[in-house]
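Structure record follows, encoded as structure tokens.
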Amino acid sequence: DPECGCIVFSPVKELPELFRRELDELTKAFPCEHEAQGKDPVPKKYTLCLGNEGFGIGMHKHNAAMFLLLEGRKKWYLGPESTESDQPTHPGFYTSKSSHKCIQRPGEVLYVPDQWYHEIFNLEYTAGLQALPE
């Protein structure tokens with residue numbers, strides 16, 4: 001089915017209870033950038049993300065986020081808030097607009113600063129957890 005099997009985003013709080021309990025230890029592993037800065041912790045919302053090889057998410061930005069990769073490898077392209085957001089983003093964001101590039105591997109947590117542009121490309125099937133401020 002062409003509409004199935006590309007990517008799944010599911011809020012962890014909406015998953016069945018048994019699955020939520022299994023993910024509980026992983027959600028507790030996320031560092032809190034506010035606590036590290038001596039501020040009060042900020043509650044986070046967690047999203048389970050599953051995606052096929054070759055799937056990507058185009059250039060976008062949002063609040064600061066962290067992404068824990070559990071399985072597979074992802075290629076990340078990032079650029080600060082000052083990055084030009086004109087279209088098209090391909091291949092410009094990959095070649096010249098993104099100031100930071102990396103390959104994320106299982107067990108690594110990637111931090112995306114507040115309002116930074118980023119694109120993501122799955123190099124293989126991936127499974128991970130995203131944490132965003134509520």
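The values are calculated or read from the model by the stated rules, or taken from the named source; none is laboratory data. Values in this document were obtained by computation on a predicted structure and should not be read as measured data. We place every Cβ from the backbone using ideal geometry, glycine too, and count neighbours over all the protein chains shown. What goes into the accessible areas is simple: the full protein's heavy atoms, side chains included, and nothing from ligands, DNA or RNA. Shrake-Rupley method; radii C 1.70, N 1.55, O 1.52, S 1.80 Å.
Filtered by the rule that a residue be closer than 20 Å to P31 by Cα and either modelled with pLDDT under 80 or open to solvent by 60 Å² or more (accessible area, probe 1.4 Å) (or both), region 85-116 gives R105, P106, G107, E108, V109, Y111, D114. Restricting region 65-84 to residues that are farther than 9 Å from S98 by Cα and outside any strand (DSSP E or B) leaves a set whose member that is most open to solvent (accessible area, probe 1.4 Å) is E84. Taken as a whole, the structure places D1 among residues that are modelled with pLDDT under 75 and open to solvent by 50 Å² or more (accessible area, probe 1.4 Å). Across region 40-52, a minimum of one residue is classified as over 18 Å from V8 (Cβ atoms), of a type in the set (K, R) and at pLDDT 80 or above.
Which one is most open to solvent (accessible area, probe 1.4 Å) among residues in region 8-26 that are over 17 Å from the mean Cα position of the chain (by Cα) and under 13 Å from T47 (Cα atoms)? Out of the qualifying residues, it is K13. Restricting attention to region 122-134, the residues that are open to solvent by 20 Å² or more (accessible area, probe 1.4 Å), within 11 Å of the chain's Cα centre (by Cα) and either charged (D, E, K, R) or modelled with pLDDT of 90 or more (or both) add up to 1.
Taking the criterion of being assigned to a helix (DSSP H, G or I) and open to solvent by less than 70 Å² (accessible area, probe 1.4 Å), the residues of region 27-42 that qualify are T27, E33, H34.
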